[in-house]
Amino acid sequence: FTRCILREFKPKKLIIFSRDETKQYEMRYEFDPEKIRAMRYFIGDVRDLERLKQAMVGVDYVIHAAAMKHVPVAEYNPFECIKTNINGAENVIRAAIYIRVGNRSQLKGTAEWLKNEKKITTNRGCQI
């Protein structure tokens, strides 16, 4: 997905916001911010509204894909699932509205959920 966004949209800045330090560390090998000036890496969690606000300053678009995706794990940890999947999504929206992402006070989605394929595809063919 990151490769496609860089190729198709050529952003001035692309922020990877994740609580997974290991994945960010590994991504730096393929998407080195020293070579690809657009890349930024922020450690954070969608449960943390203030950190989201910090990360969204100057951002034009937000693609939210953080979620507990494994049903058995979510069933065994329902409150953690709610904190991440529901409250986290709400925090992303609240932060985007607060920061006025894209200099607009509204959010618009451009992705279509492909039910059978279980992935999100943007209107340019990038898959999450």
Looking at (1) open to solvent by less than 90 Å² (accessible area, probe 1.4 Å); (2) under 12 Å from the mean Cα position of the chain (by Cα), which is the one condition that is false for ARG19?
(1)
How many residues does the stretch 6-16 contain that are in a loop (DSSP other than H, G, I, E, B) and surrounded by 11 or more Cβ atoms within 10 Å (Cβ to Cβ)?
2
Log entry, pairs with first residue in the stretch 45-58 being touching a residue at least 24 places away in the same chain (Cβ under 8 Å) and open to solvent by less than 70 Å² (accessible area, probe 1.4 Å), second being of a type in the set (D, E, K, R) and assigned to a loop (DSSP other than H, G, I, E, B), beta carbons closer than 8 Å, six or more apart or on different chains, reads ASP45/ARG19; GLY58/LYS13
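The values are calculated or read from the model by the stated rules, or taken from the named source; none is laboratory data. None of these values were measured; they are calculated from a predicted model. We place every Cβ from the backbone using ideal geometry, glycine too, and count neighbours over all the protein chains shown. Surface areas here come from the heavy atoms of the whole protein model, side chains and all, with no ligands, DNA or RNA. Shrake-Rupley method; radii C 1.70, N 1.55, O 1.52, S 1.80 Å.
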